[in-house]
1. So which pairs qualify, if the first residue must be in region 163-191 and on the phi > 0 side of the Ramachandran plot, the second must be surrounded by 16 or more Cβ atoms within 10 Å (Cβ to Cβ), the Cβ gap must be under 7 Å, and the two must be at least 6 apart or on different chains?
2. Find the residue count for region 68-82, including only residues that are exposed (fewer than 14 other Cβ atoms within 10 Å of the Cβ) and either over 26 Å from ILE166 (Cβ atoms) or basic (Lys, Arg) (or both).
3. Tell me whether region 52-72 contains one or more residues that are closer than 23 Å to ARG178 by Cβ, free of Cβ contacts under 8 Å to residues at least 24 places away in the same chain and either more than 23 Å from the chain's Cα centre (by Cα) or in a helix (DSSP H, G or I) (or both).
4. Any residue at all in region 84-104 that is in a loop (DSSP other than H, G, I, E, B), in contact with a strand residue (DSSP E or B) (Cβ under 9 Å, 6 or more places away or on another chain), open to solvent by less than 60 Å² (accessible area, probe 1.4 Å) and among the acidic types (Asp, Glu)?
5. Could you tell me which residue of region 146-180 is nearest to the chain's Cα centre (by Cα), considering only residues that are within 20 Å of ARG114 (Cα to Cα) and of a type in the set (Gly, Ala, Ser)?
6. Return the total of residues in region 19-45 being modelled with pLDDT of 80 or more and either more than 28 Å from the chain's Cα centre (by Cα) or charged (D, E, K, R) (or both).
7. Please go through region 106-123 and pick out each residue that is in contact (Cβ under 8 Å) with a residue 60 or more places away in the chain and not in a helix (DSSP H, G or I).
Amino acid sequence: GPNILKFDKAKFIDTIKENRLGAASPLDGFAAVIIKEGFLVAEVAGGQAIRDGGGLEKVDMTTSTPSDIGSDFKLVTFITLLSVFEKRAAKNPALTIEKQLNEPILPYLPKGWRTFITASVNKNTPDDQATARIAKTTFAQLMSHKSGFRPLNLPKGTPTSPFNYIDVGIQQAKIGVREYSNFNAAVVTYLLPRLVDPAKADDFDELMESG
């Protein structure tokens, strides 16, 4: 219809080049792409990227230049999760996005983690109870950083893995208290396979168990 916005590819590219993504201070390098329904609509890049190859050498920035996305990973992860919820809700209207957000994450964790958490529920030691609390953690708590997961305080030199967070568990006083933790987003990547394709998630579980 007449009210549909039209995309001006040339204007998009010129605007990005002029203001370098609208950064408050000029960026050394910049890149932007627009993708619609799986197809590349427009791309633009400029300036120089800095790579740490022993020294900080500068190279021309392109849309395929490897970049450290840092905490952008969390934004992409949570948007992906909401997109999955939206598609599941479309197939089953009773399964609203709100209902899914408030659902416990336990059924979607890798099998080995689920077994470990469930085995802790009926044990009374403080460490076991800390792990058992994860059974009630919801997707909404992860996304709002109110899950109770906290940065690990392990002895220096101790090898770390995502399972360390499951082992350390959650303190009751921390649940519902907003406090930043990278693991809130990282654990979502372990939940997505079973949300999207339970059969393939079973295959992943077998791979994890086989080492």
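The values are calculated or read from the model by the stated rules, or taken from the named source; none is laboratory data. Keep in mind that this is a model prediction, so the values were computed, not measured. Don't worry about glycine lacking a Cβ; one is built from the backbone with ideal geometry, like all the others, and counts go over all protein chains shown. Surface areas here come from the heavy atoms of the whole protein model, side chains and all, with no ligands, DNA or RNA. Shrake-Rupley method; radii C 1.70, N 1.55, O 1.52, S 1.80 Å.
1. Pairs that qualify, where the first residue is on the phi > 0 side of the Ramachandran plot and the partner is surrounded by 16 or more Cβ atoms within 10 Å (Cβ to Cβ), are GLY169/ALA130; GLY169/THR131; GLY169/ARG133; GLY169/ILE134; GLY176/LYS146.
2. So the count comes out to 1.
3. yes
4. yes
5. Taking the candidates together, the pick is SER147.
6. Of the residues in region 19-45, 3 are modelled with pLDDT of 80 or more and either more than 28 Å from the chain's Cα centre (by Cα) or charged (D, E, K, R) (or both).
7. Within region 106-123, LEU109, PRO110 qualify.
So that you can scan it fast, the table gives a plain yes or no per residue for (1) among the acidic types (Asp, Glu); (2) touching a Gly at 6+ places or on another chain (Cβ under 7 Å):
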{"site": "VAL121", "(1), (2)": "no, no"}
{"site": "ASN124", "(1), (2)": "no, no"}
{"site": "ALA132", "(1), (2)": "no, no"}
{"site": "HIS145", "(1), (2)": "no, no"}
{"site": "PHE183", "(1), (2)": "no, no"}
{"site": "THR189", "(1), (2)": "no, no"}
{"site": "ASP202", "(1), (2)": "yes, no"}
{"site": "GLU209", "(1), (2)": "yes, yes"}
